[in-house]
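The values are calculated or read from the model by the stated rules, or taken from the named source; none is laboratory data. Because the structure is a prediction, the values reported are computed rather than measured. All Cβ positions, even for glycine, are placed from backbone atoms using ideal geometry, and neighbour counts span all protein chains on display. Surface accessibility is based on the protein's heavy atoms, side chains included, excluding ligands, DNA and RNA. Shrake-Rupley method; radii C 1.70, N 1.55, O 1.52, S 1.80 Å.
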Amino acid sequence: MTPKAAQPPHSPPATIKFVPDRLYFTDSDEANKLIATDPMALLIGFALDQQITVQKAFDGPRELKERLGSIDAATVADADLEPIFRTPPAIHRFPGSMARRVHELAAYIRDNYDGDAARVWTDATTSDELKANIQSLPGFGEMKVKALGSVLAKRFGIEVANDLVPWHPTLGDVDSSQALADYQAAKRAHKAEWQKSRAAAKAS
């Protein structure tokens, strides 16, 4: 009997080496705990992180949970989010468009990952797969890929995320309230340098 040819080994899915009890992205201890322990909350925070402060964006999942009762993907996807986002104090500076974005994100997680947001990274076996998974999320462009990849690599120890970490400071470097302040200062300096170089390029 001829033995079967050996099959090439499959890469194992990404493993989470550790789960922090907090991510220090807000001024609320409750919000910091939520985004560290609930993958859907973390994704919602990243979705909201646009044209508002980091603190406001990542406090959004806590506010949404308080108003809606739950932020599991199915519940969020089935809800009429716009009035919830608009109720004072508004969850975001642009409540209408961001309510739609969070709804699209929740529906995508529900339909593609059976509602399990962590599968965006735990299903990935390579950095390319992880990058593709994140880029497929509604509202997640290149900057969010790098930022989320950095958080997954540095705060959760997910090795396949290491190649997504950029050279410049990101939220992945934030491990305390002071580190958040340092990150925001570095981000402002980086943005100023980028705008300066862009202006110089246009003038030349």
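Nearest 20 debye, what's the magnitude of the dipole of the stretch 149-204 about its Cα centre given +1 on Lys and Arg Cβ and -1 on Asp and Glu Cβ? Let's see the in-between values first.
On the way: 8 positive and 6 negative charges, 90 e Å.
Taking the Cα centre of the stretch 149-204 as origin, the dipole is about 440 debye.
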Item to check | Selected from Ala185, Leu64, Ala203, residue furthest toward positive end of dipole (the chain; charges at beta carbon) | outcome: Ala203
Next on the checklist: How large is the Kirkwood hydrodynamic radius of the stretch 120-167, counting all unique pairs of alpha carbons, in Å?
Outcome noted: 10.2
Checklist outcome for this item: If every Lys and Arg gets +1 and every Asp and Glu gets -1 at its Cβ, then about the Cα centre the chain yields a dipole, in debye to the nearest 20, of 760
Next on the checklist: For the stretch 158-202 and the stretch 22-61, what is the centre-to-centre distance using only Cα atoms, to the nearest Å?
Outcome noted: 18
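What percent does the relative contact order of the chain come to when contacts are Cα pairs within less than 8 Å and at least six residues apart?
Values: 285 pairs, mean separation 41.4, N = 204.
Rounded, it is 20 percent for the chain.
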Checklist outcome for this item: Dividing the alpha-carbon radius of gyration of the chain by 2.2 N^0.38 Å, where N counts its residues, gives 1.13
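With a sphere of radius 15 Å drawn around the Cβ of Phe25, what net charge do the other residues whose Cβ falls strictly inside it have (Lys, Arg +1; Asp, Glu -1)? The partial results should precede the final answer.
Values: positive: Arg22, Lys33, Lys56, Arg62, Lys144, Lys154, Arg155, Lys187; negative: Asp21, Asp27, Asp29, Glu30, Asp38, Asp49, Asp59, Glu63, Asp173, Asp175, Asp182.
That sum, taken over residues with Cβ under 15 Å, equals -3.
Using the crude model of +1 on Lys and Arg Cβ and -1 on Asp and Glu Cβ, and no other charge, please compute the dipole size for the stretch 102-168 relative to its Cα centre, in debye to 20.
Values: 7 positive and 10 negative charges, 64 e Å.
Dipole size: approximately 300 debye.
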Next on the checklist: With a 1.4 Å probe and all protein chains kept in place, how do Asp29, Asp78 rank by accessible area, largest first?
Outcome noted: Asp78, Asp29
Checklist outcome for this item: With the charge dipole of the stretch 94-163 built from beta-carbon charges (+1 for Lys and Arg, -1 for Asp and Glu) about the Cα centre, the Cα from Ser127, Val151, Gly115 projecting farthest to the positive end belongs to Val151
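Would you kindly state how much longer the chain becomes between Gln135 and Lys191 on full extension, computed as 0.36 nm times their sequence separation minus their alpha carbon distance, in nm to one decimal? Please report the intermediate quantities before stating the final value.
Numbers: separation 56, 0.36 × 56 = 20.16 nm, distance 2.27 nm.
Taking Gln135 through Lys191 to full extension adds about 17.9 nm, to one decimal.
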Checklist entry - Considering only the other residues whose Cβ falls under 13 Å of the Cβ of Pro138, what net charge follows from Lys and Arg at +1 and Asp and Glu at -1? => result +2
Item to check | Percent breakdown of C-alpha pair distances by 5 Å bin, ordered from the shortest bin, for the stretch 99-204 | outcome: 2, 12, 17, 19, 16, 15, 10, 5, 2, 1, 0
Checklist entry - With Rg and the Kirkwood Rh both taken from Cα atoms, where does Rg over Rh land for the stretch 59-136? => result 1.03
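Report, to the nearest whole %, how much of the accessible area of the stretch 50-142 belongs to carbon and sulfur atoms, 1.4 Å probe, protein only.
Carbon plus sulfur share of accessible area: 45 percent.
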Checklist outcome for this item: Note to self: with every protein chain in place and a 1.4 Å probe, the stretch 33-166 gives an accessible area per residue in Å² of 41
